[in-house]
Amino acid sequence: MKLGANSVLFGGFSMREAFEQIARAGYDGIELSAIDGMSEHLVLDRWQEVAGEIKALSTEFGLELLAMEQPSQDAVKMEKAFQAAVEIGIPIVNCGPGGKTSDDESLQKSIDSLGALATMAEKYGVTLCVKAHVGAAIWNTPTTLQLMEAITSPAFGIDMDPSHIHRGQENPVEAIGAVISRVKHVHIRDCKGRQQNPGKPEQQANGRGDIDLLGYIRVLHESGYTGPVDLEVIGAKEYSLVQCAIIAAEARGHMQACLQACGAR
């Protein structure tokens, strides 16, 4: 498994600062945030202007480009994301499931939309991943399984995020076994409680909450998963650089300890 961090944690700072701090914390790679309003890192409307800088920063700081996160399913925006991914060398694009919970029509619309985007991803030679998300149409294991059954493209995979599964009233350690065959990306963070949001940024650091992340990583390892495990901490845009760096380092240390405990490193 490759440990990375989503640059959204450093959304209040430049892309260079994000790369530098993630590298200093000891991560293997980085997930580029293309999330409007949360960062000004990979801005898709001008991706050609920043593509060269991203590749140069990757080389300078020794961080593999593991993934990109762009939550919208808008076809025009997603095509820009795929084009940017090809040029920059990013293998995975993560997007959101959309829709609303417990609405069959909304669920079907999300499945149809994601199916069309998977076809587009296949054309570009990149992988599209989506995760179950609290409040969305795909929000738990049963709806994820429906999605997996409907979309068979080899360019499509599941992005498994234990914090959303936990807040969806499931046990992530037990839930992951049902979907592991299609998991191609992991977003990881901790969570205290089962409320709608994941809590303050510092509470999202691995080891601060209620999720059995050691058990979760052990299942990943025992299942033969070798893809990215990217820390995704949101809400830190107003935090200082020191605060963000501490969260990144603390979470990476916990992930490394989990990998060592289950014999993965």
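Values in this text are rule-based calculations from the coordinates and carry no lab data. Small disclaimer: the values here were computed from a predicted structure and weren't measured. Glycine gets a Cβ as well: all are built from the backbone with ideal geometry, and neighbour counts include every protein chain shown.
Using only alpha carbons, the chain has a radius of gyration to Kirkwood radius ratio (Rg to Rh) of 0.93. HN-Hα J couplings of region 40-52 from phi, Karplus 6.51/-1.76/1.60, θ = phi - 60°, integer Hz, Gly and Pro as x? Each residue's phi maps through the Karplus curve to give 10, 8, 8, 7, 5, 5, 9, 4, 4, 6, 10, 4, x Hz.
P(r) tail, region 82-125: Cα-Cα pairs separated by more than 15 Å, 49% of all pairs.
His187 sits among other residues whose Cβ lies under 14 Å from its own Cβ, and their net charge, with Lys and Arg +1 and Asp and Glu -1, is -2.
Between the alpha-carbon centers of region 231-247 and region 6-81, tell me the distance in whole angstrom. If you average the Cα positions of each part, the centres end up 15 Å apart.
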